[in-house]
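The values are calculated or read from the model by the stated rules, or taken from the named source; none is laboratory data. It should be emphasised that the depicted structure is a prediction, and the values quoted were computed from it without experimental measurement. With ideal geometry, Cβ positions are generated from the backbone for all residues, glycine too; neighbour counts draw on all protein chains shown. Keep in mind that these areas ignore ligands, DNA and RNA; they rest on the heavy atoms of the full protein, side chains included. Shrake-Rupley method; radii C 1.70, N 1.55, O 1.52, S 1.80 Å.
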Amino acid sequence: MQYRINEGALTLADPWQDQSINVLLPGRASTPGVNMVIARDTLPLGMAFADYVAQQRQTFQAQLPDLAIAADTTGEIDGHPAQFLDLSWRNDGKPVHQLMAMVVHEGDKVLNFTCSLPERDADGIRQEMIDALMSFKFGP
């Protein structure tokens, strides 16, 4: 198995499971806390994607203080079913705004994209993060 990262590739004996997390920082953002995190997950055996999304919503509501969900819509990223959330909450009393996308692929694999902004549109970067998220293309 070839496992690729931006800097190169590893050759791994099968089977390995990718549970990596990528953290990307926009170069022009001057406000601390602006980032995009990409995490990987697997649907529990027999769980439908809609149930996974509902479970994630419940987790957010239980763990994020003062959670407010401004938008919660279905859609697609690169032809794959996705759920989009626009939410805000407080971390140590400070506001956090997040744009999230959960995308199912390969049957039971889920990519979770989380774009965090300490202000609703920190440095005017919100649309840039949405554009980056929507530009995602699955590899071969």
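Do we find that D66 is free of Cβ contacts under 8 Å to residues at least 12 places away in the same chain and either of a type in the set (S, T, N, Q) or open to solvent by 40 Å² or more (accessible area, probe 1.4 Å) (or both) in this structure?
no
Could you grab the pairs with beta carbons closer than 9 Å, sequence gap of 6+ or different chains, first residue in region 18-30 and farther than 20 Å from D108 by Cβ, second one in a loop (DSSP other than H, G, I, E, B) and of a type in the set (A, V, I, L, M)?
Short answer, once both residue conditions are applied: L25/V34; P26/V34; P26/I125; R28/I125; A29/I125.
So, in region 43-69, how many residues would count as being in contact with an Asp or Glu (Cβ under 7 Å, 6 or more places away or on another chain) and modelled with pLDDT under 95?
Adding up the residues that qualify gives 0.
Working carefully through the options R126, R120, find the one that is at pLDDT below 95, among the basic types (K, R) and surrounded by 15 or more Cβ atoms within 10 Å (Cβ to Cβ).
That would be R126, the only listed residue that is at pLDDT below 95, among the basic types (K, R) and surrounded by 15 or more Cβ atoms within 10 Å (Cβ to Cβ).
Contact list please: Cβ distance under 7 Å, first residue in region 37-59 and under 14 Å from N112 (Cα atoms), second residue part of a helix (DSSP H, G or I), pairs at least six apart or on different chains.
Going by the 7 Å Cβ cut-off, the qualifying pairs are L43/F49; L43/Y52.
Could you please tell me which pairs satisfy a Cβ distance under 8 Å, a separation of 6+ or placement on different chains, a first residue in region 113-140 that is among the aromatic types (F, W, Y), and a second residue that is outside any strand (DSSP E or B) and open to solvent by 40 Å² or more (accessible area, probe 1.4 Å)?
The qualifying pairs are F113/F136; F136/D78; F138/D78.
Kindly indicate whether P81 is surrounded by 11 or more Cβ atoms within 10 Å (Cβ to Cβ), at pLDDT below 95 and not β-branched (V, I, T). First the steps, then the outcome.
On the way: surrounded by 11 or more Cβ atoms within 10 Å (Cβ to Cβ): yes; at pLDDT below 95: no; not β-branched (V, I, T): yes.
In short, no.
Which ones in region 5-32 are of a type in the set (A, V, I, L, M), assigned to a loop (DSSP other than H, G, I, E, B) and within 28 Å of I130 (Cα to Cα)?
Hits for region 5-32 are L25, A29.
Yes/no matrix, rows are residues, columns are (1) among the charged types (D, E, K, R); (2) at positive phi; (3) out of contact with any Ser or Thr (no Cβ under 6 Å at 6 or more places or on another chain); (4) open to solvent by 50 Å² or more (accessible area, probe 1.4 Å):
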{"position": "E7", "(1), (2), (3), (4)": "yes, no, yes, yes"}
{"position": "D14", "(1), (2), (3), (4)": "yes, no, yes, yes"}
{"position": "I21", "(1), (2), (3), (4)": "no, no, yes, yes"}
{"position": "L25", "(1), (2), (3), (4)": "no, no, yes, yes"}
{"position": "V34", "(1), (2), (3), (4)": "no, no, yes, no"}
{"position": "T42", "(1), (2), (3), (4)": "no, no, yes, no"}
{"position": "G46", "(1), (2), (3), (4)": "no, yes, yes, yes"}
{"position": "A50", "(1), (2), (3), (4)": "no, no, yes, yes"}
{"position": "A62", "(1), (2), (3), (4)": "no, no, yes, yes"}
